[in-house]
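To start, the structure itself, in structure tokens.
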Amino acid sequence: MAMQLQVHDHVVVVKLGGELDHHEVETIRDQIEAELERTGYRGLVMSFRDLDFVDSSALGLILGRYRTVTERHGRMVLCEVNESLARLFELSGLKRILPVAATVDEALQCLREG
């Protein structure tokens, strides 16, 4: 599992790659939470561009970060979602809760406009 954290104008951008399963979720969650706390964020973007595999624990990771961000009056956008992940988001109802953008730039724009 690879994860890259960046900050763009008080928005934390998380880029995930490799395999995201229950073995990795706790560590990733803790790193994202620490970065959100450190930066005084106003938004979170999660990119799944280089993700090869996810299990159901990924949904918990996403929903937990959504809860954290919204409790602090921030916004969250998902982006760079492959076909199989898009189907998972659709079936789980996640797409009704969170916007999905094509690219990181579009996700950042969505947060600026909102």
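Here are the numbers for the structure shown:
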item	result
Only one of 86, 58 that is small (Gly, Ala, Ser), surrounded by 18 or more Cβ atoms within 10 Å (Cβ to Cβ) and either in contact with a Lys or Arg (Cβ under 9 Å, 6 or more places away or on another chain) or in a helix (DSSP H, G or I) (or both)	58
Residue in the stretch 28-51 that is at positive phi and at pLDDT 90 or above present	no
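Table: residues versus (1) touching a strand residue (DSSP E or B) at 6+ places or on another chain (Cβ under 6 Å); (2) more than 11 Å from residue 46 (Cα to Cα); (3) at pLDDT 95 or above.
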site	(1), (2), (3)
73	no, yes, no
77	yes, no, yes
85	yes, yes, no
90	no, yes, no
95	no, yes, no
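The values are calculated or read from the model by the stated rules, or taken from the named source; none is laboratory data. Everything numeric in this text was worked out from a predicted model, so none of it was measured. We place every Cβ from the backbone using ideal geometry, glycine too, and count neighbours over all the protein chains shown.
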